[in-house]
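Below is one structure, written out as structure tokens; comments come after it.
Values in this text are rule-based calculations from the coordinates and carry no lab data. No experiment lies behind these values; they were computed from the predicted model shown. When we count neighbours, we look across all protein chains shown, and the Cβ atoms used for this are built from the backbone with ideal geometry, even at glycine.
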Amino acid sequence: MIKSDLLTRLIEFIGGIIRKRNGKLLAINGMEDHIHLLVTFSPKMAVSDQVRDIKSLSSGWIHDTFPDRKQFAWQEGYSAFSVSRSVVPKVVAYIAAQQRHHKKMTFQQELVSLLKKHGIDYDERYI
């Protein structure tokens, strides 16, 4: 679980990872069980490799920095979507409003809603 005392520092750490890889962090916010990022990644590295590194490096940092959180682990999967520059302000606002969204729905409900809204097929086993 990502508690609020950890979230602020985690956001800074993840931003550093992205910058070191020539990416740009446009927005980030999170809840206890997940985070949302809006990122421009360098095209020299696959999205899956970027996500793997962010998850690996950040979980290692959490274990080293917060000894009481040795059990922390990211989920196995992730969701990634490309967005047009024209909708970046809407996505930034959406990410900023995570706490409000999750008063109404769970992460799983949110993900299914996004997938359905954009006509993306999905397998319930991976939600």
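Structure notes:
- Among the GluC sites (Glu not before Pro) found in region 1-106, those both in a DSSP coil and sparsely packed, with 11 or fewer other Cβ atoms within 10 Å of their Cβ, are Glu76.
- Shape of region 78-118, Cα gyration tensor, a/c cut at 1.5: oblate
- Take every Cα pair under 8 Å whose residues are at least 6 apart in sequence, average their separation, divide by the length of the chain, and the relative contact order is 22 percent.
- Once the Cα-Cα distance is subtracted from the 0.36 nm per residue extended length, the Val112 to Gln75 segment shows a gain of 11.6 nm.
- Exposed-site-free run, longest, the chain (rule: trypsin sites (Lys or Arg not before Pro); DSSP loop; at most 14 other C-beta within 10 Å): 71-127
- Cut-off under 5 Å, modelled amide H: who pairs with Leu26 long-range: Leu38, Val39, Thr40
- Above-threshold pairs, the threshold being 27 Å between Cα atoms, out of Lys3/Lys24; Lys3/Lys116; Lys70/Lys90; Lys20/Lys103; Lys3/Lys44; Lys24/Lys55: Lys3/Lys116; Lys70/Lys90; Lys20/Lys103; Lys3/Lys44
- With 5 Å bins beginning at zero, the pair-distance distribution over Cα atoms of the chain amounts to 2, 9, 19, 23, 22, 17, 7, 2, 0 %.
- Förster-model FRET efficiency, 22 Å R0, Met105 and Lys3, C-beta, rounded to 0.05: 0.60
- Taking a ≥ b ≥ c as the square roots of the eigenvalues of the alpha carbon gyration tensor, region 28-102 is oblate, as a/c is not under 1.5 and a/b does not beat b/c.
- Membrane-span-like helices in the chain, defined here as complete DSSP H runs extending at least 18 Å along the helix axis by their C-alpha atoms with mean Kyte-Doolittle hydropathy no lower than 0.0, are 4-20; this is a sequence and geometry rule, not a statement about a membrane.
- Mean residue ellipticity (222 nm) of the chain, computed from DSSP H runs ≥ 4 via -39,500 (n - 2.57), nearest 500: -15500 deg cm²/dmol
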